[in-house]
1. Quick check, is Phe255 under 19 Å from the mean Cα position of the chain (by Cα) and assigned to a strand (DSSP E or B)?
2. Could you please let me know if Ser304 is without any contact (Cβ under 8 Å) to a residue 40 or more places away in the chain, outside any strand (DSSP E or B) and either surrounded by fewer than 17 Cβ atoms within 10 Å (Cβ to Cβ) or among the aromatic types (Phe, Trp, Tyr) (or both)?
3. Check whether at least one residue in region 307-326 is without any contact (Cβ under 8 Å) to a residue 40 or more places away in the chain, more than 29 Å from Ile121 (Cα to Cα), touching a strand residue (DSSP E or B) at 6+ places or on another chain (Cβ under 7 Å) and part of a loop (DSSP other than H, G, I, E, B), and report yes or no.
4. Please verify whether Leu299 is surrounded by 15 or more Cβ atoms within 10 Å (Cβ to Cβ), over 23 Å from Leu214 (Cα atoms) and in contact with a Leu (Cβ under 6 Å, 6 or more places away or on another chain), treating the condition exactly as stated.
5. Take region 89-119 and flag every residue that is touching a strand residue (DSSP E or B) at 6+ places or on another chain (Cβ under 7 Å), over 17 Å from Leu153 (Cα atoms) and not aromatic (Phe, Trp, Tyr).
6. Can you tell me how many residues within region 99-118 are buried (at least 18 other Cβ atoms within 10 Å of the Cβ) and part of a loop (DSSP other than H, G, I, E, B)?
7. Of the residues that sit in region 273-295 and are of a type in the set (Gly, Ala, Ser) and part of a strand (DSSP E or B), which one is farthest from Gly312 (Cα to Cα)?
8. Just for region 375-399: of the residues that are farther than 30 Å from Asn54 by Cβ and among the basic types (Lys, Arg), which one is modelled with the lowest pLDDT?
Amino acid sequence: MKKTVLFFLIVFALFPLSAFSFNWNFSFEEIPMFISGVDATTNMNYYSFFNIANLSFSIHPNNDMQLKFRIKDTYLDLTNSINTFSNRNKLYIDRFSFEYSGDSLGLLAGRDIFLENNGLIIGNLADGIKFQSSLFEFKQRFYFYHSGLFGTLPREINQFNANYFDQNQTNGGASRLSTGIALEKFGFLTKSISALLLYSMDLSTNASFYPLYLGLASDGVIFSGFSYNASFFYQGGSYVSNISLSAWAGDISLFYFLPIDAKIGFITGIAFATGDDINTTNSMERFNSFGKYDTDFVLIPDFSNLFLFRLGAVAKILDEKLSIKADYVYLSRMQTNDSVNGFYSGSGATVGHELSAKINWEFDPNISIFLQAGSLFGGDARIERTNDYKLIAGTVIKL
């Protein structure tokens, strides 16, 4: 405890307390929700009550600094066709960090979300440091973080993507130390372009996965109301002792918003992550990452051995208090003989076609309600079931 206090005192001493305006915030957030659907692995119908509670406290010595602390509690009651799993409860500290955001320097230190670009490669709740600086018209971001110094941390759970096995997912399922650097340039041919290098070391007893990621990302405006973002990644490194990694992933999305007061727009995009040809023995082409990518709503396959096409529309009305979003998603696998996602047991490539919609209404500054539903029409990659569905309904209460 003394070392922790000393660390934060040193951090405060290193950064100027300009525009001193000390204040603090305390808040409580409750997110109860009902979830019903089909488990893609067992093909069983399930329904559950899921609750997320966040108790947050922050101190702001000035406009550029804050010290964050948050306790998260997740509670689950689940019933499927055979079993009832009651009182699954997790209580843990998911924020304990110091953040400084200056004009040319920035620092995030402690337990927090480390996020880069779309979160595919770096999108983790972790213990570590992110340092940002501006030099020679570039922004440099340095990352050094651990998957959990006091036990592997669960992934952050988004209420629109929560299903009953999400809380058991971890950042790679191993004790990991990752370090990386991102360089970003603004106004060069486009709005921004950035490059990323990340290496992740497996510190587990049965260490096996040592990936190295190289990435390139860009976003910009094509013309008024029409914009894009794109990212591409190469994964090298090694698996176990004698298998080399060589895999690719990427995505590109296009956005168009109508030139009217209400925010109404359309989204389309494609994404891919290579799969492994199991006939090769000395190399692996399956892309894996430790971040989070929005693959779909119903099935939620890992972003590995996957091709995705998305077409959607979004509307934010009533002073953006009411948001409505509808999506069509097509999913297929890149390699038919790679079974990285356990619910692919058919011989074909098509995973399915999904239709989904979600509504979020913030009718009060402290209360909002949400509803999301979707149906997946299965393809020949999944022979067990032709249709899956999922429904989530809940509310967010802030005090």
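The values are calculated or read from the model by the stated rules, or taken from the named source; none is laboratory data. Predicted model, so just to flag it, every value in this text is computed and none were measured. Positions of Cβ are backbone-derived with ideal geometry, glycine not excepted, and every protein chain shown enters the neighbour counts.
1. no
2. Here the answer is no, as Ser304 does not meet what is asked.
3. Taking every residue of region 307-326 in turn, none turns out to be without any contact (Cβ under 8 Å) to a residue 40 or more places away in the chain, more than 29 Å from Ile121 (Cα to Cα), touching a strand residue (DSSP E or B) at 6+ places or on another chain (Cβ under 7 Å) and part of a loop (DSSP other than H, G, I, E, B).
4. For Leu299, the condition - surrounded by 15 or more Cβ atoms within 10 Å (Cβ to Cβ), over 23 Å from Leu214 (Cα atoms) and in contact with a Leu (Cβ under 6 Å, 6 or more places away or on another chain) - is met.
5. Glu99, Ser104, Leu105, Gly106, Leu107, Leu108, Glu116, Asn117, Asn118
6. 3
7. Here the answer is Ser283.
8. Within region 375-399, the match that is modelled with the lowest pLDDT is Arg385.
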